[in-house]
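Colleague: Attaching a single structure in structure tokens format; questions to follow.
The values are calculated or read from the model by the stated rules, or taken from the named source; none is laboratory data. Quick caveat: nothing in here was measured; it's all calculated off a predicted structure. Ligands, DNA and RNA are excluded from the accessible area calculation, which covers all protein heavy atoms including side chains. Shrake-Rupley method; radii C 1.70, N 1.55, O 1.52, S 1.80 Å.
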Amino acid sequence: MSESEIKKVKLETAEGKSLLNSFEFVRVLNENNLSKLVIILALNKLENKNGVVIFEKPHFGQNDIKSMLETNSPFEMDIQNDIYNKFKIFPPNPYNSIQVQLIYPATEQHIQKYSMQQMLFVSETAEDYANLTLKFIDQTQLNLNWVYNILEHKKESERIIYEDADPVNGFILLPDMKWDGQVENLYALAIVHQKNILSLRSLNAQHLPLLENIRDKCYTAFKEKFGIRREQVRAYVHYQPSFYHFHVHLSHIKYQSPAMPDRNIPLSQVINNLTFYPDYYQKSTLEMVIKKDDKLYDLYKHKFD
């Protein structure tokens, strides 16, 4: 793997040494109290390169709760008042874990992506897409080697939930790195094998067999692998996406994503639009959310004057 490749790693310990030991804290980029998540910028002291580190407390599973009730964990009493008690417990492994993701080395685009910023709605016409957004994609597209590693079975093959190897209508379905392992929090990506579909804007009626194939086979895979019924699955596309290789997001309906819901366009809506209007996404004006410190904002800031 070249140094320019972005390694997205779910951290584990190696030979008793944490992979975080070579990093020092720089600043908090973002945090979400509801999802118990914090994102920081950290500096690798040995290589003098930046990394983005995401810390997230996993969701409580039913089996975890049962085990903690049966475990004699140390505790620290905070409040006792009549029938009301508040205290902290300090459970042993594996009930005190924190899920960590590392993006290293992180570029300025990654730092901007994960930083808290002011969000703004903007209308993107078909002309805007051709003249402005495509310029942004050409200038700032993040490294996609990690995507190609998955598609070529060089990395993460053991995590694949389902694959259709057809080069035109095929895809790989695998869990997103944010998934904590609990079925009710299942969050996965269906990444298409075709490399020439950038985003929603690239789609036309010729892609309907691909989209319907993703929908039908992912629903089946969720049911067979996890017992999740079709009506419990949320399937959607982001616009703008976080990376420009077409993919579909699928999650359990109970999963609360920390991502902006304003980017979510239901897959069923995409299929419906293309069924009735084959070039819908080549001609339509689309609403999108952009970050004020993002380079895309610089191209669209005239719309806010």
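Colleague: Excluding ligands, DNA and RNA, what is the solvent-accessible area per residue of the chain at a probe of 1.4 Å, expressed in Å²?
Modeller: Heavy-atom SASA per residue in the chain reads 56 Å².
Colleague: At what distance in angstrom do the alpha carbon centres of region 204-237 and region 128-170 lie from each other?
Modeller: Result: 18 Å between the Cα centres.
Colleague: Of 36/113; 113/301; 66/88; 155/291, which pairs sit farther than 22 Å apart, going by alpha carbon to alpha carbon?
Modeller: Values: 36/113 19 Å; 113/301 18 Å; 66/88 17 Å; 155/291 31 Å.
The answer is 155/291.
Colleague: Give the aspartates and glutamates reachable from residue 283 as a straight Cα distance under 16 Å; neighbours fewer than 8 places away on the same chain don't count.
Modeller: Cα-Cα hits under 16 Å: 124, 127, 128.
Colleague: Checking a compactness column here: for region 74-158, what do you get for Rg(Cα) / (2.2 N^0.38 Å), N being the number of residues?
Modeller: Taking N as the residue count of region 74-158, the ratio is 1.97.
Colleague: Please state, as a whole number in µm²/s, the translational diffusion coefficient that the Stokes-Einstein equation yields for region 229-305 at 20 °C and 1.002 mPa s, with Rh defined as the Kirkwood radius across alpha carbon pairs.
Modeller: Details: Rh = 14.5 Å.
The diffusion coefficient I find is 148 µm²/s.
Colleague: How about residue 223: which lysines have a C-alpha closer than 21 Å to its C-alpha, ignoring those fewer than 8 places off in the same chain?
Modeller: Counting by Cα, and skipping residues close in sequence, residue 223 has these lysines nearby: 178, 254.
Colleague: Here's a follow-up. I'd like the per residue volume of the convex hull spanned by the Cα atoms of the chain, given in cubic angstrom.
Modeller: In the chain, the Cα hull volume divided by residue count equals 186 Å³.
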